[in-house]
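Structure record follows, encoded as structure tokens.
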Amino acid sequence: MTRQAAEAAGGEIGSLPILKQHDSEQSIAILLVTADRGLAGAFNSQIIRAGLRAAAEYESEGKNVVFSATGRRGVSSLTFRGREPEGAYTGFTDRPAYANAREVAAGLMAAYIDGKVDRVEIFYNGYVSPLVQEVRRETLLPLQEATILEGNERDDTDSDHPQGESGHHALVEYEPDPAAILEQLVPDYVEISIFRALLESTASEHGARMTAMRNASENAAVVIDDLTLEMNRARQAEITQEIMEVVGGAEALT
């Protein structure tokens, strides 16, 4: 719905503050979605590394980067590196609610509308399977460059009847006008995008922790086997030494 309304709005898309694309991108907001707990392998560290790499690229171009983070791991890591997050949201990563996503989105949208940031990006762990989690980077604002619009091109390419071949669009009448609809849809789109990222991150966290704990258990079993073998060898050597001492003592008496 957001994609279609944005296409229908055309030039009107920049008439509203939340839809207006800034003239230049000098300040970038980066949201890192991490967990409150560790012991999940590279789950948190790969998000932090990806965010810091992106920040370094922007800063090399002379742009300012403003960090926000969900989860204690991300907040503490940024603070330790001297990058105090503008927004720190903790205590809900195990079971995120929509209200948490709304809180995060409100801060980012307010910063964009007020002109404090010119672009909003999010980094999170996308859930592929319990064994595989991939780092995903998406653009939330401005809407003109948002990842959701790029998805429209992919949908057309993958469709059985691509737009380029058919050349037809379904006729849609908007009431009220598309710009007014977008004014309501865009905040919802940002909130839902963040909520989806939180949910995928939580699922990925559980999968990563399960894998990490299984690997730890397997490693512990190997260590136990090695130590047991070493203990048995040491005990056997001690028993052999005692037998030799007893035999040597008996031979000395005789």
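The values are calculated or read from the model by the stated rules, or taken from the named source; none is laboratory data. Here the structure is a predicted model, which is why all the values come from computation and not from measurement. In this analysis, Cβ positions are derived from the backbone assuming ideal geometry, glycine residues included, and neighbour counts consider all displayed protein chains. Accessible surface areas use protein heavy atoms only, side chains included; no ligands, DNA or RNA. Shrake-Rupley method; radii C 1.70, N 1.55, O 1.52, S 1.80 Å.
When segment 38-72 is limited to residues that are over 18 Å from N125 (Cα atoms) and either among the β-branched types (V, I, T) or in contact with a Lys or Arg (Cβ under 7 Å, 6 or more places away or on another chain) (or both), the one that is most open to solvent (accessible area, probe 1.4 Å) turns out to be V66.
Please pick out the residue among A9, A5, A50, A54 that is out of contact with any Phe, Trp or Tyr (no Cβ under 6 Å at 6 or more places or on another chain), under 30 Å from S76 (Cα atoms) and not aromatic (F, W, Y).
Details: A9 fails: under 30 Å from S76 (Cα atoms); A5 fails: under 30 Å from S76 (Cα atoms); A50 fails: out of contact with any Phe, Trp or Tyr (no Cβ under 6 Å at 6 or more places or on another chain).
After ruling out the rest, the residue left standing is A54.
Candidates are the residues of segment 96-135 that are under 15 Å from the mean Cα position of the chain (by Cα) and among the charged types (D, E, K, R); the one that is most open to solvent (accessible area, probe 1.4 Å) is E134. Every condition in (1) modelled with pLDDT under 95; (2) under 16 Å from S201 (Cα atoms) holds for T34 except the one numbered (1). Considering only residues in segment 183-218 that are closer than 23 Å to N125 by Cβ and among the polar types (S, T, N, Q), the one that is farthest from the chain's Cα centre (by Cα) turns out to be S217.
Working carefully through the options N125, N100, find the one that is in contact (Cβ under 8 Å) with a residue 24 or more places away in the chain, in a helix (DSSP H, G or I) and closer than 27 Å to A42 by Cβ. Give the derivation first.
Details: N125 fails: in a helix (DSSP H, G or I).
After applying the criteria, what remains is N100.
Here is the figure for segment 210-236: residues that are out of contact with any Gly (no Cβ under 9 Å at 6 or more places or on another chain), closer than 24 Å to V132 by Cα and among the polar types (S, T, N, Q) total 2.
Could you tell me which residue of segment 27-37 is farthest from the chain's Cα centre (by Cα), considering only residues that are open to solvent by less than 10 Å² (accessible area, probe 1.4 Å) and within 30 Å of R214 (Cβ to Cβ)? Step by step, filter segment 27-37, then rank; the result is A35. Summed over segment 169-197, residues that are part of a helix (DSSP H, G or I), open to solvent by 10 Å² or more (accessible area, probe 1.4 Å) and not small (G, A, S) total 12. The number of residues in segment 73-95 that are within 23 Å of R49 (Cβ to Cβ) and either open to solvent by less than 30 Å² (accessible area, probe 1.4 Å) or of a type in the set (F, W, Y) (or both) comes to 9.
Residue by residue, here is whether (1) in contact with a strand residue (DSSP E or B) (Cβ under 8 Å, 6 or more places away or on another chain); (2) open to solvent by 70 Å² or more (accessible area, probe 1.4 Å); (3) within 30 Å of Y98 (Cβ to Cβ); (4) part of a helix (DSSP H, G or I) holds:
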residue	(1), (2), (3), (4)
E200	yes, no, yes, yes
S204	yes, no, yes, yes
T228	no, no, no, yes
R233	no, yes, no, yes
A252	no, yes, no, yes
